[in-house]
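Working notes, beginning with the structure itself.
The values are calculated or read from the model by the stated rules, or taken from the named source; none is laboratory data. Since the structure is predicted, the reported quantities are computational estimates derived from the model, not experimental observations. Methodologically, a virtual Cβ is constructed for each residue, glycine included, from the backbone with ideal geometry; neighbour enumeration extends over all protein chains shown. Accessible surface is based on the protein model in full, side chains and every heavy atom, while ligands, DNA and RNA are left aside. Shrake-Rupley method; radii C 1.70, N 1.55, O 1.52, S 1.80 Å.
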Amino acid sequence: MPVRVVLPADPVLGHPEQEILARLWRRRQTQTGWVFQVGLPSYQGSEDGTVQAAEYRVWVRAPEHVRPVDGVDYDQVPTDRLEAPAPPSAVREILGERRPTGWVVQKVRVRRGPGRRVLHAPDCTEAPQDAPVLDLERALDVAENPATTLCTLCGAAQEITPVLRGFDHTGDETDPSGA
């Protein structure tokens, strides 16, 4: 299919922007827009010293560097479209992105006494990046140790405490005597 290709102006040589007729081979949709593969007319030298007509293929941005030719139907040009992203699920829209599963332990060095540990979610900014990820059962074992603190920054305390102590012990309970 014929198409017009816009060649940029060259201020050094004093050439204005030009349009040349080329052949449109393919269209491709990208994340930033469309690109077209065009064949530009050219010449090449042969081994016997003669000059022959040739074609130089190149990808150019559309519509900046490509214009249609009046009366030409481009429906038959091979076209690569981006796949439409899957619509977000209702659960994902309501709950948002899920955090990584599991838990990690940060070992805290103290001058005196036994070492302390802090239990974090893997995506916590305070969590060690090289620590192995623990499943819930192993994380509960670590959390039960008195030397372990549950991080409140990433929500480890809010998520693990109800599992350890039951949902009635979430840290908001009041004294039943009213004091």
Cross-chain or 6+ apart pairs with Cβ under 7 Å, region 100-115 first and loosely packed, with under 10 Cβ neighbours inside 10 Å, then at pLDDT below 75: Arg109/Gly115
Qualifying position, being open to solvent by 60 Å² or more (accessible area, probe 1.4 Å), at pLDDT 85 or above and of a type outside the set (D, E, K, R), among Gln76, Gln158: Gln76
Near pairs, Cβ below 9 angstrom, 6+ apart or cross-chain, from region 1-29 (of a type in the set (Asp, Glu)) to any residue that is open to solvent by 60 Å² or more (accessible area, probe 1.4 Å) and assigned to a strand (DSSP E or B): Glu19/Arg4; Glu19/Arg67
Answer residue from region 2-41, given it is of a type in the set (Gly, Ala, Ser) and at pLDDT below 90 and is farthest from Glu83 (Cα to Cα) among those: Gly14
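So which residues in region 1-32 are farther than 22 Å from Asp73 by Cβ and either touching a Gly at 6+ places or on another chain (Cβ under 8 Å) or assigned to a strand (DSSP E or B) (or both)? Before you say what the answer is, go through the steps one by one.
First pass over region 1-32, keeping only residues farther than 22 Å from Asp73 by Cβ: 7-18, 30-32.
Within region 1-32, Leu7, Asp10, His15, Gln18, Thr30 meet the criteria.
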Filter result for the condition that a residue is at pLDDT below 70 and part of a loop (DSSP other than H, G, I, E, B), over Arg98, Arg92, Arg111: Arg98
Tabulated pairs, region 129-142, first assigned to a loop (DSSP other than H, G, I, E, B), second of a type in the set (Val, Ile, Thr) and open to solvent by 80 Å² or more (accessible area, probe 1.4 Å), C-beta under 9 angstrom, 6+ apart or interchain: Val133/Thr101; Asp135/Thr101
Residue count, region 50-72 (criterion: touching a residue at least 12 places away in the same chain (Cβ under 8 Å) and assigned to a loop (DSSP other than H, G, I, E, B)): 6
